[in-house]
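Worksheet: the structure to be examined is printed underneath.
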Amino acid sequence: MSTLKDRIGRYGVWSVGLRAEDPSRHGELAEAAAELQELGYGAAWLGGSSAARHAVPLLRATSTLVVGTSIQSIWQYEAGESAAAFAEVEAAHPGRFLLGLGVSHAKFADQYRRPYSALVAYLDALDEAGVPAERRVLAALGPKTLELSRDRAAGAVPYLVTAEHTAQARGILGEDALLAPELMVVLETDPARARALAREALSTYLALPNYTDNFLRLGFTEEDIAGGGSDRLVDAVFAWGDENRVRDRIDTFRSAGADHLALQVITDSPRDSLPRAEWRRLADLLE
């Protein structure tokens, strides 16, 4: 029987655009998902605060693609609701949906209190409702949540991290747990243009303490975080440049211990668009 690591392969796509509330977009999403599977990606990660129902159009259109939430906020959906939705999707598409969970950010959740304890309680409730630990992953940055990912889930799906963080996370998770960090990719060779696109994507996150605190733990300074992010910070959390440079950055994360990379392509198009041409280019350089 194949393992989770076998099923999701080395690479997947992370995209806010793959998640839609509007049913009129389901055909577009189905077509994109089918192409992702054909291109060889093992997983599609639904950005934003996504839920099991958002995975359904992609799962229906494919036969092997694993679809995961990245992430579902524990503040937005009750654990019982999540468990019922998981069971429904699992019955229709066995083994192909991953429930990615996280505590989100205080800015986005009025009830944000004691996030670690709340996440533990949420996992307890999922256990009671019968959601297997091996079918959920956690958005983990700090050591305690990484340990929780190892002990109470299939592994971790860290967002906006460096290769150094990936190495540290692997040390905490051990060899068996899944480590599938997100990595933003800018297929642009001009350094000024690439970094400008990167900073535009980064701007929202530099206002969120969960990410900035993690950067400080990794040795970045307040000066690195200020002004849209230093070149040092941008170059650490993005893969940009020509195909060889991008491939080298991806390989660096893999060598640091990532089992799988959730690749988020950054362009000058709206964030919820589907950069299918860039997904094709990326698939070519991953071969």
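The values are calculated or read from the model by the stated rules, or taken from the named source; none is laboratory data. Nothing here was measured: the structure is a model prediction, and the numbers come from that model. Using ideal geometry, Cβ is built from the backbone for each residue, glycine included, and neighbour counts are taken over all protein chains shown. Note: areas computed on protein heavy atoms with side chains; ligands, DNA, RNA excluded. Shrake-Rupley method; radii C 1.70, N 1.55, O 1.52, S 1.80 Å.
Things worth noting here:
- For region 146-195, projected area of the alpha-carbon convex hull averaged over all directions, nm²: 4.0 nm²
- Surface accessible to a 1.4 Å probe, residue 144 within the full protein complex, Å²: 120 Å²
- Cα gyration tensor shape of region 67-203, rounded if a/c is under 1.5, else prolate or oblate by comparing a/b with b/c: prolate
- Take 43-52, 82-91 and order them by the average number of nearby Cβ atoms within 10 Å per residue, most first; the result is 43-52, 82-91.
- Cβ charges +1 (Lys, Arg) and -1 (Asp, Glu), total dipole of the chain, debye: 180 debye
- Proximal charge balance of residue 203 [Cβ under 13 Å; K/R count +1, D/E count -1]: +2
- With the gyration tensor restricted to C-alpha atoms of region 199-242, the semi-axes of the equivalent ellipsoid amount to 16, 12, 9 Å, longest first.
- Reciprocal of mean inverse Cα separation for region 1-133 (Kirkwood radius, Å): 15.3 Å
- Cα pair distances of region 84-156 binned at 5 Å [whole percent]: 3, 15, 26, 24, 17, 10, 4, 0
- With kT/(6 pi eta Rh) evaluated at 4 °C and eta = 1.567 mPa s, and Rh the Kirkwood radius from Cα pairs, the chain diffuses with a coefficient of 68 µm²/s according to Stokes-Einstein.
- A Stokes-Einstein calculation at 10 °C with viscosity 1.306 mPa s, built on the Kirkwood radius of region 168-210 over Cα pairs, returns a diffusion coefficient of 122 µm²/s.
- Convex hull volume of region 174-287 per residue (C-alpha atoms, cubic angstrom): 122 Å³
- Mean residue ellipticity (222 nm) of the chain, computed from DSSP H runs ≥ 4 via -39,500 (n - 2.57), nearest 500: -14000 deg cm²/dmol
- For region 87-201, the solvent-accessible area with a 1.4 angstrom probe is 42 square angstrom per residue.
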